[in-house]
Amino acid sequence: YKSKGWAGVGDWLGTGIVATHLRRFCPFKEARGFTRGLGLKSNSEWRRFCEGKMQEKGTRPKNIPAYPDDTYANTGWTSWGDWLGTWTVAPRLRHYRSFKEARAFARGLGLKTWVEWIKFCKGDMPEKGILPSDLPNKPDHVYAKQGWAGVGDWLGTGFIAPRLREYRSFTTARTFARSLGLKSRGEWKQFCQGDLPEKGKLPPDISTSPHKTYANKGWAGMRDWLGTGKL
């Protein structure tokens, strides 16, 4: 009966079920208007609604597809944020500001650490405002090859992660360490922590862990490093 009235198994058996490819759905804008009126916030909530697990929202009309991203792929679909009315855009589809513009914004926040940046991104620092949609919450990923030089550079604190720092040569660094007149590993640790103010501050290009930084570049022990004697 292919050309003589066939309208699907649901029609044949009288169950009313219509195969997805045979259904007639609302035009995209009409369907989107219905969906936005539901007040759903995410793709997962849409799935729950379609499965009948959000009874307070009613049931999905038969002329509204459960998989709008497939049904309207070529007739208006852009994203779940557009479909639900949240205007949230998936990270892979976002267009971010240039690195310099984004960094300027980040520095203007006056944040001091990466932890504070994460809190700001989550909305836990309302006094700082909210993260603009064209700024990534993971700038180290987005700008990895476009200028990223560490959290200190991003926030404007000047702090440089040890793995990104450029230290003095071993000989030059050791000369500095010996000039301090320190006598032990304990005193070196105190100096690095700022507990010996009379000795000044540790320069950013001097490692707090010289035994690791210069492991294969001249390191011969703490006594050699401080100039208190041989091994």
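From the list Ile17, Ile64, which residue is of a type in the set (Val, Ile, Thr), at pLDDT 90 or above, farther than 26 Å from Asp140 by Cα and touching a helix residue (DSSP H, G or I) at 6+ places or on another chain (Cβ under 6 Å)? Don't jump to the end; show me each part of the working.
Working: Ile17 fails: at pLDDT 90 or above.
Of Ile17, Ile64, the one residue that is of a type in the set (Val, Ile, Thr), at pLDDT 90 or above, farther than 26 Å from Asp140 by Cα and touching a helix residue (DSSP H, G or I) at 6+ places or on another chain (Cβ under 6 Å) is Ile64.
Within the range 189-222, restricting attention to residues that are surrounded by 11 or more Cβ atoms within 10 Å (Cβ to Cβ), among the charged types (D, E, K, R) and assigned to a loop (DSSP other than H, G, I, E, B), which residue is modelled with the lowest pLDDT?
Per the stated criteria, the residue is Asp205.
Listed residues Lys128, Lys183; which is touching a residue at least 12 places away in the same chain (Cβ under 8 Å), surrounded by 12 or more Cβ atoms within 10 Å (Cβ to Cβ) and more than 33 Å from the chain's Cα centre (by Cα)? Give the steps one after another, and end with the answer.
Details: Lys128 fails: more than 33 Å from the chain's Cα centre (by Cα).
It is Lys183.
State all residues of the range 86-104 that are modelled with pLDDT of 85 or more and either on the phi > 0 side of the Ramachandran plot or not in a helix (DSSP H, G or I) (or both); if no residue qualifies, say none.
Tyr96, Arg97, Ser98
Quick check on Thr157: is it under 25 Å from Lys112 (Cβ atoms) and either surrounded by 12 or more Cβ atoms within 10 Å (Cβ to Cβ) or touching a residue at least 60 places away in the same chain (Cβ under 8 Å) (or both)? Even if it seems obvious, please write down each step before you answer.
Values: under 25 Å from Lys112 (Cβ atoms): yes; either surrounded by 12 or more Cβ atoms within 10 Å (Cβ to Cβ) or touching a residue at least 60 places away in the same chain (Cβ under 8 Å) (or both): yes.
Judged against the criteria, Thr157 is a match.
Look at Arg168 and say whether it is surrounded by 15 or more Cβ atoms within 10 Å (Cβ to Cβ) and assigned to a loop (DSSP other than H, G, I, E, B).
Numbers: surrounded by 15 or more Cβ atoms within 10 Å (Cβ to Cβ): yes; assigned to a loop (DSSP other than H, G, I, E, B): yes.
In short, yes.
Residue check, Asp134 against (1) over 30 Å from Arg107 (Cα atoms); (2) assigned to a loop (DSSP other than H, G, I, E, B), all met but one. Which one?
Going through (1) over 30 Å from Arg107 (Cα atoms); (2) assigned to a loop (DSSP other than H, G, I, E, B) one by one, Asp134 breaks only (1).
Please enumerate the residues belonging to the range 41-75 that are open to solvent by 100 Å² or more (accessible area, probe 1.4 Å) and either farther than 19 Å from Glu30 by Cα or part of a loop (DSSP other than H, G, I, E, B) (or both). Don't jump to the end; show me each part of the working.
Just the residues of the range 41-75 that are open to solvent by 100 Å² or more (accessible area, probe 1.4 Å), to begin with: 41, 48, 51, 53, 55-56, 59, 62, 67, 70, 74.
Listed by number, the residues that qualify are Lys41, Arg48, Glu51, Lys53, Gln55, Glu56, Thr59, Lys62, Tyr67, Asn74.
Hey, Phe120 hits all of (1) assigned to a helix (DSSP H, G or I); (2) modelled with pLDDT under 90 but one; which does it fall short on?
(2)
The values are calculated or read from the model by the stated rules, or taken from the named source; none is laboratory data. As the structure is a computational prediction, the values presented were derived from the model and not from experiment. Note: ideal-geometry Cβ built from the backbone for every residue, glycine included; neighbour counts use all protein chains shown. Areas reflect the complete protein model, heavy atoms only, side chains present, ligands, DNA and RNA absent. Shrake-Rupley method; radii C 1.70, N 1.55, O 1.52, S 1.80 Å.
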